[in-house]
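The values are calculated or read from the model by the stated rules, or taken from the named source; none is laboratory data. What you see is a predicted model, and the numbers here were worked out from it, not measured in a lab. When we count neighbours, we look across all protein chains shown, and the Cβ atoms used for this are built from the backbone with ideal geometry, even at glycine. For accessibility, only protein heavy atoms count, side chains too; no ligands or nucleic acids. Shrake-Rupley method; radii C 1.70, N 1.55, O 1.52, S 1.80 Å.
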Amino acid sequence: MRVVGSFTVAGDADAVVWIRRFEDDADRERILDSVHQDPRCADLAATVSALTSDPAATTRLLPTAGSALR
């Protein structure tokens, strides 16, 4: 997994967006399963939830054929 971009949202001091890239679907599933099963992830998620007004959300994006992120 590579973080290929990180952004803040204009007008929303609590919002942060990361764009992550995986080699393929199997790599994505393996890494996310490993991360989400780690007890430190639950602790971190609880801390983030306590500090922000909105729950975390994940949206899966698919690059277009001409995307440099492909």
Listed by chain and number, the residues whose amide H is under 5 Å from that of A15, excluding neighbours fewer than 5 places away on the same chain and using placed H, are V9
Heavy-atom accessible area of the chain with neighbours in place, 1.4 angstrom probe: carbon+sulfur share in percent works out to 55
So, for the Cα atoms of the chain, Rg and Dmax in Å stand at 14.0, 39
With the 1.4 Å probe rolled over protein heavy atoms, the chain has an accessible area per residue in Å² of 86
For 50-61, 18-29, 2-13, ranked highest to lowest by mean beta-carbon neighbours within 10 Å, the order is 18-29, 2-13, 50-61
Going residue by residue through region 2-16, the Karplus relation 6.51 cos²θ - 1.76 cosθ + 1.60 with θ = phi - 60° gives ³J(HN,Hα) values, rounded to whole Hz and with x marking Gly or Pro, of 10, 8, 9, x, 9, 9, 9, 10, 4, x, 9, 5, 8, 8, 9
The farthest towards the positive end of the charge dipole of region 9-70, of the residues T58, C41, V9, given +1 on Cβ of Lys and Arg and -1 on Cβ of Asp and Glu, is V9
Non-local residues with an amide H under 5 Å from the amide H of R20, with H modelled 1.01 Å from N and Pro and chain starts lacking one, are V4
